[in-house]
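Beneath this line is the structure, given in structure tokens, with notes to follow.
What follows draws every value from the coordinates through simple rules; no lab data is involved. Worth saying up front: this structure is predicted, and the values here are computed from it rather than measured. Neighbour counts are summed over all protein chains in view; Cβ atoms, including those assigned to glycine, are modelled from backbone coordinates with ideal geometry.
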Amino acid sequence: MSDGAFGLSPGEPPATRPPPAIAAPGVVGWLRANLFRTWYDTLLTLAVLYVLWLVVPDVVRWALGDAVWSGEAAACRAAGGACWAFVAEKWRFILFGTFPADQHWRPTLAMLLTMGVLLASADRRFWGPRLLVLWAVGLGAAWLLMAGGLFGLSPVPTELWGGLPLTLGLSVVGLAVAFPLGVLLALGRTSALPVLRVLSTAYIELIRGVPLVSVLFMASVMIPLFLPTGVSIDKLLRAQIGLILFAAAYLAEVVRGGLQAIPKGQVEAASALGLGYWQRQRLIILPQALSLVIPPLVNTFIGFFKDTSLVIIIGLLDLLSTAKAALTDPAWRGFYKEAYLFVGVIYFLFCYALSRYSRYLETSLSKGRRR
Amino acid sequence: MTDLSGDEPIIELSGVNKWYGAFHVLRDVSLTVAKGERIVVCGPSGSGKSTLIRCINRLEEHQAGTIRVHGIPLDQDVRHIEAIRRDVGMVFQSFNLFPHLTVLENLTLAPVWVKKTPKAEAERLARQYLERVRIPEQADKYPGQLSGGQQQRVAIARALCMNPSIMLFDEPTSALDPEMVKEVLDVMVDLAQGGMTMLCVTHEMGFARRVADRMVFMDKGEIVEVAPPAELFANPKSERTRAFLGQVLGH
Ligand SMILES: Nc1ncnc2c1ncn2[C@@H]1O[C@H](COP(=O)(O)OP(=O)(O)OP(=O)(O)O)[C@@H](O)[C@H]1O
Ligand SMILES: [Mg+2]
């Protein structure tokens with residue numbers, strides 16, 4: 001209405017559009033915008049390129065060019081490159097440990113089942129009580145496949161279990177039990193009842209004050225002492241219990257962080273509507289608290305997955321230990337790089353998948369909420 | 001007050017005392033509210049208004065005296081607390097909607113989980129109340145996508161979905177931008193005219209004048225004066241009431 005009160009001449013469009021992008025389109029534009037925007041960007045880019053130029057050709061030559069893909073150790077030692085022949089020779093032992101070789105389809109199927117259960121749980125549409133049934137059935141079947149003794153499957157004692165199925169089993173079962181336990185501990189630590197609060201706090205602080213190695217030792221050595229003579233529990237089970245007790249304490253602290261971030265008004269509104277304690281926690285507090293702490297939670301999961309390799313100290317052969325054991329074969333001694341790379345890639349794939357999933361979950365859970 | 005003595009009391013507070021540590025928040029508070037009565041509580045900041053109405057649904061625990069709702073005493077018996085909470089709706093200054101649930105889910109949560117209402121029935125009811133607070137089109141949004149006034153109306157609808165016979169309001173409009181105050185007050189006036197028993201902490205004196213049967217003036221944890229709004233505004237008996245009203249109305 002007013003006469004150019006905003007300083008715009010009649011022909012000039014109002015500044016409703018964003019300023020034009022500085023970068024030109026196309027590859028050159030992208031390079032300009034991302035790698036050579038300022039003089040120090042340029043310097044950094046050049047420095048990184050120089051390091052890559054020094055390192056990459058050697059690595060490629062070692063891993064691919066000069067590599068030996070099959071044959072005997074002698075051939076490897078003659079060539080200068082990577083000895084993938086070692087992996088070709090030992091992969092079954094590294095993956096399955098001392099599990100009877102003619103039965104390797106059983107741990108394979110067990111792992112596929114476990115991963116199927118994990119994949120189904122990853123889909124939010126399946127979240128609900130049905131999932132508990134799926135876990136019980138899936139993991140039960142996986143255990144049956146491993147242990148045998150039924151349906152004509154030859155029994156395989158847990159002392160022979162090893163490699164990836166062991167690592168995966170300890171991690172998945174461990175987290176599946178430790179997570180709800182951790183949530184309960186966190187609720188206990190933030191509870192209004194002093195007894196619960198003191199007990200939960202004491203437990204959490206005790207476990208966190210002790211390294212995992214000693215928890216595993218305690219589980220391995222102490223649990224049998226508490227059992228009546230004649231009753232013995234499996235070494236694998238003892239390790240599993242130790243891992244669960246340990247992980248629960250750490251998960252509890254992560255969950256507590258989330259619980260404390262929820263405003264008091266949420267509990268008050270839920271209480272005022274007549275919801276009881278467990279309904280409030282399950283329907284209002286935990287869904288919000290847990291989705292807040294997905295990143296640290298997944299961090300703990302990943303750490304735990306890798307920490308299972310410590311079970312070697314009580315004599316269980318996890319994935320890392322089978323790789324080490326493979327290296328003790330006198331014929332194949334010395335191919336550390338190949339063994340650890342192989343195992344490292346497997347660990348990486350699992351951890352990376354988990355990390356990607358957590359990113360997806362975070363965005364999908366926060367969709368539409370809170371501006 | 002005398003004209004209400006024949007009606008059945010729905011809330012009875014007698015000799016209620018509460019302390020936060022050494023701090024005496026509520027001092028010998030006694031008040032009887034009849035069914036269908038609309039009470040506005042006012043008083044300076046820190047006078048214990050919120051504490052008083054939060055004691056009525058046990059968000060705060062009183063330490064001496066008795067509180068009865070529908071004749072049920074508020075004591076350590078959890079069943080009493082549950083029964084009272086089911087029948088007493090509350091609206092907060094900061095809305096306190098559940099941000100991870102849609103508007104519709106916010107509204108159906110308590111009926112489904114507390115009253116075991118079938119989901120379809122709860123949704124029908126929820127939409128009906130959204131209609132009543134005039135935002136039927138927002139059902140599938142999340143609270144974070146609504147304006148403050150809309151959020152507070154959702155909060156009112158959420159409380160109404162439990163079909164309570166008493167509604168408590170704790171400064172429902174004081175967190176709102178001025179232009180949204182009216183839309184919330186309109187809903188509250190509607191509710192008052194529908195016969196709901198209401199206990200409302202507010203500084204909206206226009207609202208008080210329009211709907212309140214009685215006004216309660218509190219100061220330093222005590223009920224200083226109780227009177228119909230016209231009477232309280234025209235000739236407050238206490239000097240403290242006069243000073244407070246002077247501040248609220250006089251600016
Ligand atoms: N949890 C608590 N612990 C200690 N003191 C508290 C607590 N809650 C409230 N108080 C104190 O009790 C007094 C009364 O608080 P209350 O919230 O009931 O006042 P109010 O009348 O609602 O005030 P306002 O108008 O500011 O909301 C205040 O002095 C406050 O500081
Ligand atoms: Mg208050």
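A few comments on the model shown:
- Residue, farthest from the chain's Cα centre (by Cα), within the range B:194-236, restricted to residues that are more than 16 Å from ligand 1 (Cβ to nearest atom) and in a loop (DSSP other than H, G, I, E, B): B:235
- When the test is whether a residue is touching a strand residue (DSSP E or B) at 6+ places or on another chain (Cβ under 8 Å) and surrounded by 19 or more Cβ atoms within 10 Å (Cβ to Cβ), residue B:138 does not pass it.
- The range B:69-92, subset part of a loop (DSSP other than H, G, I, E, B) and surrounded by 18 or more Cβ atoms within 10 Å (Cβ to Cβ), residue farthest from the other protein chains (Cβ to nearest Cβ): B:74
- Residues satisfying the stated conditions in the range B:165-194, i.e. within 16 Å of ligand 2 (Cβ to nearest atom) and either acidic (Asp, Glu) or surrounded by 14 or more Cβ atoms within 10 Å (Cβ to Cβ) (or both): B:168, B:169, B:170, B:171, B:172, B:173, B:175, B:176
- Residue selection: residue B:194 satisfies the criterion of being more than 20 Å from residue B:57 (Cβ to Cβ), of a type outside the set (Lys, Arg), more than 14 Å from chain A (Cβ to nearest Cβ) and free of Cβ contacts under 8 Å to residues at least 12 places away in the same chain.
- The residues of the range B:43-94 that are in contact with a helix residue (DSSP H, G or I) (Cβ under 7 Å, 6 or more places away or on another chain), within 16 Å of ligand 2 (Cβ to nearest atom) and within 20 Å of residue B:152 (Cα to Cα), listed by number, are B:57, B:59, B:90, B:91, B:92, B:94.
- Meets criteria (surrounded by 21 or more Cβ atoms within 10 Å (Cβ to Cβ) and within 16 Å of ligand 2 (Cβ to nearest atom)) for residue B:154: no
- The range A:273-291: number of residues that are of a type outside the set (S, T, N, Q), more than 7 Å from chain B (Cβ to nearest Cβ) and closer than 23 Å to residue A:361 by Cα: 6
- Single residue of A:337, A:324, A:306 found to be touching a Phe, Trp or Tyr at 6+ places or on another chain (Cβ under 8 Å) and surrounded by fewer than 22 Cβ atoms within 10 Å (Cβ to Cβ): A:306
- Scanning the range A:248-267 for residues that are surrounded by fewer than 20 Cβ atoms within 10 Å (Cβ to Cβ), part of a helix (DSSP H, G or I) and within 14 Å of chain B (Cβ to nearest Cβ) yields a count of 4.
- Residue ID - nearest to residue B:83 (Cα to Cα), chosen from residues in the range B:8-60 that are within 14 Å of chain A (Cβ to nearest Cβ) and away from ligand 1 (no atom under 11 Å from the Cβ): B:57
- Search result, residues across the range B:93-118 that are within 18 Å of residue A:276 (Cβ to Cβ) and facing another protein chain (nearest Cβ under 7 Å): B:96, B:98, B:109, B:110, B:113, B:114
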